[in-house]
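Trainee: Attaching a single structure in structure tokens format; questions to follow.
The values are calculated or read from the model by the stated rules, or taken from the named source; none is laboratory data. From a predicted model like this one, the values you see are computed outputs, not experimental measurements. Using ideal geometry, Cβ is built from the backbone for each residue, glycine included, and neighbour counts are taken over all protein chains shown.
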């Protein structure tokens, strides 16, 4: 006769049940699929839940959730010293009895291959289904932050944005080493005494991908992305209203557990002060300077500011202690332009001379190249619609598109950027 007995789960069993769940999840290969919060919620909601006890010790627990004639076994957890004794089979039998009384006809379980309970399922006649793939997505935003993030217009960005930054390998390497890795490799950071960045400035000509880099960093970290628009804050009315709106926005943002805060065209609220108290922008710049130290006090907070005109920023704004790095994001070189063209050409890449396109698009930004690729593809498409000759897209289709587009960059912009790199880069 077994020395354990079965009974219903009680609220008093909660602490011991959590301990069993923790024991079963110590090995990552056997980590339960359903979180303990979901298991306990089901048990407290009256879903079938049974425990095995020896004296006053809880040695096994099993919980299921029924939905019509279908049920899922959420958890089968056994104390380490009581496995392989038949307790798991008894727990399942008790669950099945309760589920069948509820009209359940189909019972399924989702467990890691090495989890406690797999032997009990096999012994009870459950059949493993091969060829299935388990997909899962997780909201990285704590429930308490979700409403606030929605109010701020923020969001969690999809994975893969970093890989979509075609070309730009030099800039990607700098951003990866200086920003991403110190924030991701927290154990190594502590071991080597590295101070992770809290605030950085990306500067460079317009259209070079500063916003894309900020979003890619948020994607790599898995942190929510919030963009603060100076022009929208200015709608509050006058410098005093802008300063107040800025202070209120930061109060909400710092309440988030983790966040990448992005401020584009930051020169609108951090331009160089004239030194005169009557200067309308003086109040706004002062307010932002006061807010940055408070933002920096939070572990999983990163501020990324972008500007096309780093030389117009207030000198106090650029001092070490407020911003860890000032990183240049320049126009794509020939290697980067080739990668960007390859990305946007799609099937047409097989029928065109990419080298000629790279040479013809020297002052093009990534956005310019994307537009030229779309324009050339449209021209080739329209030619085929009219002539139906099966002609693939040609190099000339895209060269014509390049000639019809005014590039974002100019030689003067490039010269200014090279000077700014010498004067302002800090990495």
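Trainee: Would you call residue 414 in contact (Cβ under 8 Å) with a residue 40 or more places away in the chain, under 35 Å from the mean Cα position of the chain (by Cα), assigned to a helix (DSSP H, G or I) and surrounded by 17 or more Cβ atoms within 10 Å (Cβ to Cβ)?
Mentor: Taking the combined requirement at face value, the residue does not satisfy it.
Trainee: Still on this structure, please answer the following. May I ask you to verify whether residue 202 is buried (at least 22 other Cβ atoms within 10 Å of the Cβ), within 14 Å of residue 308 (Cα to Cα), modelled with pLDDT of 80 or more and under 23 Å from the mean Cα position of the chain (by Cα)?
Mentor: Yes, satisfied.
Trainee: Could you tell me which numbered condition residue 325 fails, if it satisfies all but one of (1) closer than 18 Å to residue 394 by Cα; (2) assigned by TED's automatic domain parsing to the domain that holds residue 167?
Mentor: In the conditions (1) closer than 18 Å to residue 394 by Cα; (2) assigned by TED's automatic domain parsing to the domain that holds residue 167, residue 325 misses (1) alone.
Trainee: Select the helices (runs of 4 or more DSSP H) contained entirely in the range 152-210, then report the ones holding at least 2 residues which are under 30 Å from residue 358 (Cβ atoms).
Mentor: Correct list: 169-175.
Trainee: On the given criteria, is residue 80 more than 24 Å from residue 15 (Cα to Cα), out of contact with any strand residue (DSSP E or B) (no Cβ under 7 Å at 6 or more places or on another chain) and surrounded by fewer than 23 Cβ atoms within 10 Å (Cβ to Cβ)?
Mentor: In short, no.
Trainee: Still on this model: Any chance the range 297-310 includes a residue that's in contact with a strand residue (DSSP E or B) (Cβ under 6 Å, 6 or more places away or on another chain), surrounded by fewer than 18 Cβ atoms within 10 Å (Cβ to Cβ) and on the phi < 0 side of the Ramachandran plot?
Mentor: No, every residue in the range 297-310 fails to be in contact with a strand residue (DSSP E or B) (Cβ under 6 Å, 6 or more places away or on another chain), surrounded by fewer than 18 Cβ atoms within 10 Å (Cβ to Cβ) and on the phi < 0 side of the Ramachandran plot.
Trainee: Identify, by number, the condition in (1) over 30 Å from residue 187 (Cα atoms); (2) assigned by TED's automatic domain parsing to the domain that holds residue 198; (3) touching a residue at least 40 places away in the same chain (Cβ under 8 Å); (4) over 27 Å from the mean Cα position of the chain (by Cα) that residue 320 doesn't meet.
Mentor: Single failed check for residue 320: (1).
Trainee: Please note which strands (runs of 3 or more DSSP E) are completely contained in the range 250-338 and include at least 2 residues that are closer than 19 Å to residue 416 by Cα.
Mentor: 301-307, 325-328
Trainee: Quick one: which residue in 393, 338, 348 is closer than 22 Å to residue 207 by Cα and not assigned by TED's automatic domain parsing to the domain that holds residue 201?
Mentor: Only one candidate passes the filter, namely 338.
Trainee: Answer yes or no as to whether residue 115 is at pLDDT below 85 and assigned to a helix (DSSP H, G or I).
Mentor: When the stated conditions are applied, residue 115 does not pass them.
Trainee: Consider the range 343-388. How many of its residues are surrounded by 20 or more Cβ atoms within 10 Å (Cβ to Cβ), in a helix (DSSP H, G or I) and out of contact with any helix residue (DSSP H, G or I) (no Cβ under 8 Å at 6 or more places or on another chain)?
Mentor: 1
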